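Structure, as structure tokens:
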């Protein structure tokens, strides 16, 4: 049986790892929140879903325990924030086999950071679409159960060609999984949605759907997504369907961005869904704005194109994280007035 590790067992990682453990797979949690590790050791990981609650016993280790582990892992799922990717991969690298696979279950374009640390022949990129939140140790609130969660996986090297199914086989216990023949482009398409939804709604301190209903905000958020589609093309990626959608609108970047955004709002968000960026700020943590909206700005500016909507998001997020601006609905004027 393959030995599996999940490095970073926050809201999403814990739920996904629990799904695999309940299926009888050999799963180990590695986590940086000490209280979370202790709660899992004492009570198991509790996954609360809209229609059921499941408690699963899973071995859990603190980061400091990793140096004491001896058995190597066959598949490692990395679920830390995009900005923590490098150290997480360095942490687990001594416990990899030559043919192990490392999978980035993250937002943002983390593939190259992972490959730089563990090697392209061991790197599998992934797209993840589900909504979860975590406010207390040992408990994750998963708003999209496995029947409603979606993933794509794909390699970036000839060395992983044909091995994507090894990852898909175990990940299917957590949701629908597609194998992408261009995972970089697939991840860019997810970033299109992330640029539109995560930080713009967080700046208002509102749930995603509530923020989108504020007058002017839907168009603003969609404009962030449209810029992200152009950034994807500028980076050399292509427009391609994700979330199980068909080929409709792939020839119209703006229409495609809107279709993606609508899918997230209607299929993957509940009325109380707070984006991961808002969750981070409510916990006093920094967001992934640099890795998402900031990347859109960087790619378009490198191509000689402006990105005014995403640039404004980055600037306001910097003020929030510096303690100069409190999140709240009144910030809608800051988002909309200059444009």
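Read-outs: derived from the displayed coordinates by stated rules, not from any lab. Since the model is a prediction, treat every value here as computed from it, not as a measurement. A quick note on method: Cβ atoms are made from the backbone with ideal geometry, for glycine too, and the neighbour counts reach across all protein chains shown.
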Quiz prompt | Theoretical FRET efficiency, 1/(1+(r/R0)^6), r = Cβ-Cβ of residue 97 and residue 337, R0 45 Å, to 0.05 | solution = 0.25
Quiz prompt | Contact order relative to length of the stretch 1-67, as percent, for alpha carbon pairs under 8 angstrom and 6 or more apart | solution = 32 percent
Quiz item: Hey, with R₀ at 41 Å, roughly what FRET efficiency would residue 136 and residue 262 work out to, going by the Cβ-Cβ distance, to 0.05?
Solution: 0.80
Quiz item: How far apart, in nm, are the 7 Å Cα→Cβ label points at residue 116 and residue 270?
Solution: 3.8 nm
Practice problem: Classify the stretch 1-57 as rounded, prolate or oblate, taking a ≥ b ≥ c as the square roots of the eigenvalues of its Cα gyration tensor: rounded when a/c is under 1.5, otherwise prolate if a/b is larger than b/c and oblate if not. | Solution: oblate
Exercise. May I ask for the angle, rounded to the nearest 10°, between helix 253-267 and the longest principal axis of the chain, with both axes built from Cα atoms and the value confined to 0 to 90°?
Key: 60 degrees
Exercise. Obtain the nm distance between the two label points defined at residue 90 and residue 319 by a simple spin-label model: each point lies 7 Å from its Cα along the Cα-to-C-beta direction.
Key: 3.5 nm
Exercise. Taking percent of Cα pairs over 28 Å apart as the quantity of interest, determine which of (1) 39; (2) 59; (3) 50 was computed from the displayed structure.
Key: (1)
Quiz item: Contour minus end-to-end for residue 23 and residue 62, with contour as 0.36 nm per residue of separation and end-to-end as the Cα-Cα distance?
Solution: 11.7 nm
Practice problem: Once you have a ≥ b ≥ c as the square roots of the Cα gyration tensor eigenvalues for the stretch 180-339, tell me rounded if a/c is under 1.5, and otherwise prolate or oblate according to whether a/b is larger than b/c. | Solution: prolate
Quiz prompt | Projected area averaged over orientations for the stretch 173-263, convex hull of C-alpha atoms, nm² | solution = 6.5 nm²
Quiz prompt | Three-way shape call for the stretch 101-217 based on the alpha-carbon gyration tensor, with the a/c threshold at 1.5 | solution = prolate
Practice problem: Give the calculated FRET efficiency between residue 157 and residue 286 to the nearest 0.05, with a Förster radius of 25 Å applied to their Cβ-Cβ distance. | Solution: 0.20
Quiz prompt | Protection-proxy order for peptides 294-305, 225-236, each taking the mean of Cβ atoms within 10 Å per residue, highest first | solution = 225-236, 294-305
Quiz item: Roughly what % antiparallel, to the nearest 5, for the DSSP beta bridges in the chain?
Solution: 35 percent
Quiz prompt | Net length gained if the chain between residue 247 and residue 179 were fully extended (0.36 nm per residue, minus Cα distance) | solution = 22.9 nm
Quiz item: In degrees between 0 and 90, to the nearest 10, how far off the longest principal axis of the chain does helix 11-22 point, with axes built from Cα atoms?
Solution: 30 degrees
Quiz item: Of all DSSP beta bridges in the stretch 3-181, what percent run antiparallel (nearest 5)?
Solution: 35 percent
Quiz item: Once both labels are modelled 7 Å past Cα along the beta-carbon direction, what's the residue 70-residue 33 spacing in nm?
Solution: 3.2 nm
Quiz item: Going by average Cβ neighbours within 10 Å, how do the peptides 199-207, 13-21 rank, with the highest at the top?
Solution: 13-21, 199-207
Quiz prompt | Burial ranking of peptide ranges 163-175, 52-64, 321-333, 264-276 (average Cβ count within 10 Å, highest at the top) | solution = 163-175, 264-276, 52-64, 321-333
